[in-house]
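Undergrad: Sharing a structure, written as structure tokens. Questions coming.
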Amino acid sequence: MRHLISRLLQGMATFLCVLIASFHLMKVAPGSPWSAERALSPEAMQALESKHAMHLGPFLERVLLHADFGPSWKHPDQSVRDILFQALPVSLELGAWALALALLVGIPAGLFAAAHAGRWGDRLSMGIVLVGVVVPSFVIAPLLQEWIGLRIGVVAGWEGPWSRVLPVFCASLATTTWVARMLRAGLLDVLSEEHIRTARAKGLSESVILLRHALPAALVPVVQMLAPAAAGLLTGTLVIEQVFQVPGLGRHFVQSALQRDFPLALGTLCLYCLLLLLLNALADMATWLLDVRTRSRP
């Protein structure tokens, strides 16, 4: 409980530092949402900038007490909170399906590779999952869209179950690769420890040793890696959302930065920060449950 409270306090301090630093960086960034519009007189530009000027004190009060980032500068008829709440469920769904697929494929692939370490099964499984790292998503996504999407009649959008297949598959590739490779490495390390040799001396089968004695400890680095990976998946993957026209957070994040829509950029950044802190705290708790050595520390 002390560790959990400490992590929560650290998370609150980290969030506040990120918010203040991002606010000041965006204040000094050149340009404005109206720079790309038709030429405005200096007086009109000054009036617009003074109308939308942000000050740290009132801004922090609105965000911390009411979770209110104000209206979007580029879309003044919509508040940042409404924009984020409309896009968040889409990104959460895409990220959740991608994370589930990565675990369903990556964990068995890592187990299979560790059980056949140094043999053809190890090289074959690791060679297949390595595609997710070697070939980036901005290459795979357009190719799959052309080869498969056109054939099944779903090229872009987020309507119906078939429209989710290709985005979820592309978004899960990199995470699947890291899950499989880290689990294999973790299993090989754990299988060389003393208690595994003791279990073998007692006559336990390799499957029991692998699943019951080695897997929980080997999952610790995988769980720790999943926190930032899950935060990235749950808050949107830019390339996937752009290629498949998925209306998620990733598109808002980049477009707000390009359009100098500072309230929307700050809102998406803070949402990503909160998810990352929350998932890191959950990863710490999962590590404590999985690794007996962590629980035995004072």
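The values are calculated or read from the model by the stated rules, or taken from the named source; none is laboratory data. If you're wondering where the values come from, they're calculated on a predicted model, not measured in any experiment. Note that each Cβ is placed from the backbone with ideal geometry, even for glycine, and that neighbours are counted across all protein chains shown. Protein only, heavy atoms only, side chains kept; ligands, DNA and RNA dropped before computing areas. Shrake-Rupley method; radii C 1.70, N 1.55, O 1.52, S 1.80 Å.
Undergrad: Taking only segment 224-242 into account, find how many residues are surrounded by fewer than 19 Cβ atoms within 10 Å (Cβ to Cβ) and more than 26 Å from L143 (Cβ to Cβ).
TA: The qualifying residues number 3.
A quick yes/no check of all residues on (1) among the charged types (D, E, K, R); (2) touching a strand residue (DSSP E or B) at 6+ places or on another chain (Cβ under 6 Å); (3) at pLDDT below 80; (4) within 29 Å of W162 (Cβ to Cβ):
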position	(1), (2), (3), (4)
V246	no, no, no, yes
L249	no, no, no, yes
C273	no, no, no, no
L278	no, no, no, no
V292	no, no, yes, no
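Undergrad: Taking the stated definitions as given, is G186 touching a helix residue (DSSP H, G or I) at 6+ places or on another chain (Cβ under 9 Å), at pLDDT 80 or above, in a helix (DSSP H, G or I) and more than 20 Å from Q242 (Cα to Cα)? Before the answer, list the steps.
TA: On the way: touching a helix residue (DSSP H, G or I) at 6+ places or on another chain (Cβ under 9 Å): yes; at pLDDT 80 or above: yes; in a helix (DSSP H, G or I): yes; more than 20 Å from Q242 (Cα to Cα): yes.
So G186 passes the test.
Undergrad: Pick from A39, A44: which is modelled with pLDDT under 80, over 32 Å from the mean Cα position of the chain (by Cα) and part of a helix (DSSP H, G or I)?
TA: Details: A39 fails: part of a helix (DSSP H, G or I).
Only one candidate qualifies: A44.
Undergrad: Give me a count of the residues in segment 72-97 that are open to solvent by 50 Å² or more (accessible area, probe 1.4 Å) and at pLDDT below 85.
TA: Qualifying residue count, segment 72-97: 4.
Undergrad: Starting from segment 129-147, keep only residues that are over 15 Å from E241 (Cα atoms), then list their pairs with residues that are of a type in the set (V, I, T) and open to solvent by less than 50 Å² (accessible area, probe 1.4 Å) whose Cβ atoms are within a distance under 8 Å, requiring at least 6 positions of separation or different chains.
TA: Here the result reads V129/T176; V129/T177; L130/T177; V131/T177; G132/T175; G132/T176; G132/T177; V133/T177, each pair linking segment 129-147 to a residue that is of a type in the set (V, I, T) and open to solvent by less than 50 Å² (accessible area, probe 1.4 Å).
Undergrad: Of everything in segment 65-115 that's over 30 Å from L210 (Cβ atoms), small (G, A, S) and in a helix (DSSP H, G or I), which residue is farthest from the chain's Cα centre (by Cα)? Outline the logic, then answer.
TA: Initially, segment 65-115 is screened for residues over 30 Å from L210 (Cβ atoms), giving 65-94.
When the remaining residues are screened for being small (G, A, S), the result is 67, 70, 72, 79, 87, 91.
Next, from what is left, pick out any that are in a helix (DSSP H, G or I): 87, 91.
Values: A87: 15, S91: 10 Å.
Of everything passing the filter in segment 65-115, A87 is farthest from the chain's Cα centre (by Cα).
Undergrad: Please find, within segment 243-271, the residue that is least open to solvent (accessible area, probe 1.4 Å) out of those that are β-branched (V, I, T) and farther than 17 Å from L16 by Cα.
TA: Kept after step one, since they are β-branched (V, I, T), are these residues of segment 243-271: 243, 246, 254, 268.
Narrowing the set further to residues that are farther than 17 Å from L16 by Cα leaves 243, 246, 254.
Details: V243: 36, V246: 0, V254: 45 Å².
So, considering only residues that are β-branched (V, I, T) and farther than 17 Å from L16 by Cα, the one least open to solvent (accessible area, probe 1.4 Å) is V246.
Undergrad: For a quick check of your reading of the model, give me the residue pairs whose first member lies in segment 68-89 and is among the basic types (K, R), whose second is in a loop (DSSP other than H, G, I, E, B) and open to solvent by 30 Å² or more (accessible area, probe 1.4 Å), with beta-carbon atoms closer than 7 Å and at least 6 apart or on different chains.
TA: K74/Q259; R81/A67; R81/D68
Undergrad: Quick check on R200: is it assigned to a helix (DSSP H, G or I), open to solvent by 50 Å² or more (accessible area, probe 1.4 Å) and closer than 16 Å to I107 by Cα? Explain how you work it out, then say what you get.
TA: Working: assigned to a helix (DSSP H, G or I): yes; open to solvent by 50 Å² or more (accessible area, probe 1.4 Å): yes; closer than 16 Å to I107 by Cα: no.
Here the answer is no, as R200 does not meet what is asked.
Undergrad: Moving on to the next point. From the list L166, L219, which one is closer than 25 Å to A286 by Cα and crowded, with 20+ Cβ neighbours inside 10 Å?
TA: Values: L166 fails: closer than 25 Å to A286 by Cα.
Result: L219 is the single residue among L166, L219 that is closer than 25 Å to A286 by Cα and crowded, with 20+ Cβ neighbours inside 10 Å.
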